[in-house]
Amino acid sequence: MHGDPAQHYCPACGSDRVSPRLVHHWRCEACGVTDWKNPQPVAGTFVVRDRRVLLVRRSREMEYGAGRWAFPGGFVEQGETPWQAAVRETCEEAGVRPRILRALPPQTVLAPHHIVMPFLAELTADEEPAPGSECDEVAWFAFDEIPWEEIAFPTTTAALRGLVAGEAGTDVYGEVASPDRARMSLRYCARCGTPLGAPGADGAVRCPSCTTARWVNPSPTAGFLAIGERRILLGLRSQGRDGAGRWALPSGHMEPGETPAETAARELLEETGVEAVADRFVGLFASGDHSEAVYAGPILAEHAAPTGEFADLGWFTGAEAEGLSTHHGTPRLVRWARASGLLD
């Protein structure tokens with residue numbers, strides 16, 4: 001069965017002219033909007049001072065992780081980048097405004113399906129945290145004193161262990177322009193077609209008839225930085241696609257049940273025919289309506305052939321790639337790869 005079998009109406013315009021798109025998603029034939037069934041994006045900070053990390057104890061009234069420790073964080077809202085959301089959530093939960101230093105590797109939980117994007121951050125010397133309305137307590141923990149048995153979520157535990165082990169993350173992240181495309185808005189219930197009201201206090205829009213709850217968050221995507229024999233693989237975006245006529249990395253939407261690394265490897269194979277292993281997080285780019293985690297790793301097969309996403313494919317030296325008209329975060333990734341000595 002493709003997508004949600006209960007979806008009968010477009011949530012943007014209310015039309016019943018909806019049809020499955022790809023495996024899990026729906027497209028409205030009336031207004032052109034795609035209703036992407038992506039994992040929900042979460043962002044937060046690991047604020048570090050003198051090898052101590054700031055954690056917050058979640059309020060005992062919280063639905064999930066009540067009374068347990070987590071990093072300050074929450075859902076990325078429409079119109080935000082993950083790092084903007086991480087700063088906002090830290091302000092709300094710990095009463096301080098951190099400075100983002102690096103993006104740490106995303107973590108994934110499958111039930112419910114969330115992609116969690118942590119950031120390494122710091123405070124000025126005179127800033128001291130205080131618990132916000134969603135927290136009962138804030139505290140600094142030395143790396144050898146972290147209360148592992150009291151951490152709220154497995155994604156927090158995984159990210160914390162990487163931090164303690166010296167995971168450096170990446171400073172290759174930045175905001176990119178949003179594609180010129182129809183935007184999702186929740187105006188009608190996708191199940192019963194009832195007009196919807198404003199979001200509630202938790203950001204959810206609930207149908208007054210069937211009580212279905214929906215959130216609108218930026219869509220998480222993933223891409224692959226494929227480098228073989230000191231050349232980078234780029235595709236010329238086809239007409240009708242975002243960034244048409246420009247060169248870009250293979251990338252696409254995360255599907256339910258995937259990690260971003262799995263998405264990156266799958267999209268590389270589907271769009272170029274190249275098989276690789278995504279084992280290194282190298283960059284993060286975002287606009288107000290999507291984010292893209294970028295991975296690299298060893299190439300297993302280099303027999304590239306363009307598909308519908310790309311009109312052409314090519315392996316380029318660093319100098320050649322910098323001379324192309326490129327899309328999204330590709331220019332910065334090419335510069336990073338050249339500076340890292342990965343490209344000729």
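The values are calculated or read from the model by the stated rules, or taken from the named source; none is laboratory data. Remember, predicted model here, so these are calculated numbers, not experimental data. A quick note on method: Cβ atoms are made from the backbone with ideal geometry, for glycine too, and the neighbour counts reach across all protein chains shown.
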Among strands (runs of 3 or more DSSP E) entirely inside segment 271-344, those with 3 or more residues being over 25 Å from P82 (Cα atoms) are 299-301, 310-316
Of those in segment 290-317 that are of a type in the set (D, E, K, R) and crowded, with 18+ Cβ neighbours inside 10 Å, the residue nearest to E267 (Cα to Cα) is E309
(1) of a type outside the set (A, V, I, L, M); (2) free of Cβ contacts under 8 Å to residues at least 60 places away in the same chain; (3) more than 16 Å from L160 (Cβ to Cβ); (4) surrounded by 20 or more Cβ atoms within 10 Å (Cβ to Cβ) all hold for P82 apart from (2)
Listed by first then second residue, the pairs whose first member lies in segment 96-109 and is more than 11 Å from A293 (Cβ to Cβ), whose partner is assigned to a strand (DSSP E or B) and among the small types (G, A, S), with beta carbons under 8 Å and at least 6 positions apart or on separate chains, are P98/A121; R99/A121; I100/A121; L101/A121
Can you find a residue that is crowded, with 20+ Cβ neighbours inside 10 Å, in a loop (DSSP other than H, G, I, E, B) and touching a residue at least 12 places away in the same chain (Cβ under 8 Å) anywhere in segment 25-34? yes
message: Against the condition crowded, with 23+ Cβ neighbours inside 10 Å, under 30 Å from A264 (Cα atoms), of a type in the set (D, E, K, R) and outside the structural domain of A296 (by TED's automatic domain parsing), how does E89 come out, does it pass?
response: yes
Of those in segment 156-190 that are modelled with pLDDT of 90 or more and of a type in the set (D, E), the residue nearest to the chain's Cα centre (by Cα) is E175
Counting only residues in segment 280-303 that are among the acidic types (D, E) and more than 16 Å from V116 (Cβ to Cβ), the one modelled with the lowest pLDDT is identified as E302
If we keep only residues of segment 101-134 that are crowded, with 19+ Cβ neighbours inside 10 Å and β-branched (V, I, T), then the residue nearest to T45 (Cα to Cα) is V116
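Name the one entry in P208, P154 that is surrounded by fewer than 14 Cβ atoms within 10 Å (Cβ to Cβ) and over 19 Å from A70 (Cα atoms). Break it down into steps so the answer makes sense when it comes.
Values: P154 fails: over 19 Å from A70 (Cα atoms).
Selected residue: P208, the only one of P208, P154 that is surrounded by fewer than 14 Cβ atoms within 10 Å (Cβ to Cβ) and over 19 Å from A70 (Cα atoms).
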**Message:** Considering only segment 56-64, I want to know if a residue exists there that is free of Cβ contacts under 8 Å to residues at least 12 places away in the same chain, surrounded by fewer than 20 Cβ atoms within 10 Å (Cβ to Cβ) and either assigned to a loop (DSSP other than H, G, I, E, B) or more than 21 Å from the chain's Cα centre (by Cα) (or both).
**Reply:** yes
Taking the criterion of being of a type outside the set (S, T, N, Q), more than 21 Å from the chain's Cα centre (by Cα) and assigned by TED's automatic domain parsing to the domain that holds L110, would at least one residue in segment 17-38 satisfy it?
no
Among residues of segment 222-260 being among the acidic types (D, E) and on the phi < 0 side of the Ramachandran plot, the residue modelled with the lowest pLDDT is D242
Looking across segment 203-226 at residues that are hydrophobic (A, V, I, L, M, F, W, C) and under 15 Å from Q78 (Cβ atoms), the single one that is nearest to the chain's Cα centre (by Cα) is V216
Of the candidates S238, S209, the one satisfying the condition of being among the polar types (S, T, N, Q), touching a residue at least 12 places away in the same chain (Cβ under 8 Å), assigned by TED's automatic domain parsing to the domain that holds L313 and out of contact with any Leu (no Cβ under 9 Å at 6 or more places or on another chain) is S238
